[in-house]
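So the structure is just underneath, and the comments pick up after that.
The values are calculated or read from the model by the stated rules, or taken from the named source; none is laboratory data. Computed from a predicted structure; not experimentally measured. Every residue, glycine among them, receives a Cβ derived from its backbone with ideal geometry; neighbour counts consider all protein chains shown. SASA here: full protein model, heavy atoms, side chains in, ligands and nucleic acids out. Shrake-Rupley method; radii C 1.70, N 1.55, O 1.52, S 1.80 Å.
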Amino acid sequence: MASRKEQKEQLRAEREERERLEKAAAARRARLTRIGGGAAVLVIAAVIIGIVASGGGNDKSSPAAVADSLQATPGPWQPLTAGLQNRSDALKLPAPSDSIYHVHAQLKVYADGKQLPVPADVGIDPAKGFLASLHTHDAKGIIHMEAVEVYPFTLGEFMDIWGVKYTPTQLGAFRPGKGLVLETYINGQKVADGPAAKLKQGDRIVIGFGKPGSFPKDFKLDPSVT
């Protein structure tokens, strides 16, 4: 079985190959554009007709489609690989890079007095060779933010990549009311809009549902978060 390092190197190689192919396709499109006149128009029209005929005109990566695909169950939640790349595209996340921008935060999730796991391999689809710029490698809840540019990742984006329904009033199947609360804390401070919270290096994040006081507001950061 391949090690995590080997898996990551394989994913990186596959991503670089996709980028090479995309650049080649872009170059071909540029050459077609330079042809000008009716030939380019005919090529573009043919592409559009092909997309419509194949049903490709439907935006399967729209934010609404992403929201509809998320897990709204009581948990625990496994990484949702189905539609992972579509969700990443809909969020317009940057491409991953572990050398340009690479920071970490840690997340813990609680519901009804119990800690729910943040699983390994969130944001990773080995079958398709896809690695999202937001992902996990183990079950410690350590969020890896790796991108080709400095980017203001949010907690809501990570939950979308994980595939879990998360809004200020919903976590999976859990909704506040009748004495139960849904709260988000970052570094011990309550945030009003958890999904919109921007993540920084070393952030300690708690999402808690249940009776007030049934979950912690802060925790000690894992030593591996550097």
Practice item. Take the solvent-accessible surface of the protein heavy atoms, probe 1.4 Å, and return the percent of it on segment 84-133 that carbon and sulfur atoms account for. Key: 48 percent
Review point. Do any trypsin sites (Lys or Arg not before Pro) in segment 112-206 lie in a DSSP loop with no more than 12 other beta carbon atoms within 10 Å, and if so, which?
Key: 128, 178
Check your understanding: Considering only protein heavy atoms, what per residue accessible area in square angstrom results for segment 122-226 with a 1.4 angstrom probe?
Key -> 42 Å²
Exercise for review: Apply the Karplus parameterisation 6.51 cos²θ - 1.76 cosθ + 1.60, with θ equal to phi minus 60°, to every residue of segment 105-115 and state each ³J(HN,Hα) to the nearest whole Hz, in sequence, with x for glycine and proline.
Suggested key: 9, 10, 10, 10, 10, 10, 8, 6, x, 10, 7
Practice item. With 28 Å as the limit, write out which pairs from 165/200; 178/198; 92/128; 128/220; 140/217 have Cα-Cα distances beyond it, or answer none. Key: 178/198; 128/220
Exercise for review: Using DSSP to define loop residues, name the GluC sites (Glu not before Pro) in segment 110-189 whose beta-carbon has at most 13 other beta-carbon atoms within 10 Å.
Suggested key: 149
**Study point:** Pairwise label distance in nanometres, residue 217 with residue 187, each label 7 Å out on the Cα-Cβ vector
**Key:** 1.6 nm
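In the neighborhood of residue 210, defined by Cβ-to-Cβ distances under 11 Å, what is the net charge if each Lys or Arg adds +1 and each Asp or Glu adds -1? Display every interim value, and only then the final one.
On the way: positive: 114, 211; negative: 112, 183.
Net charge around residue 210: 0.
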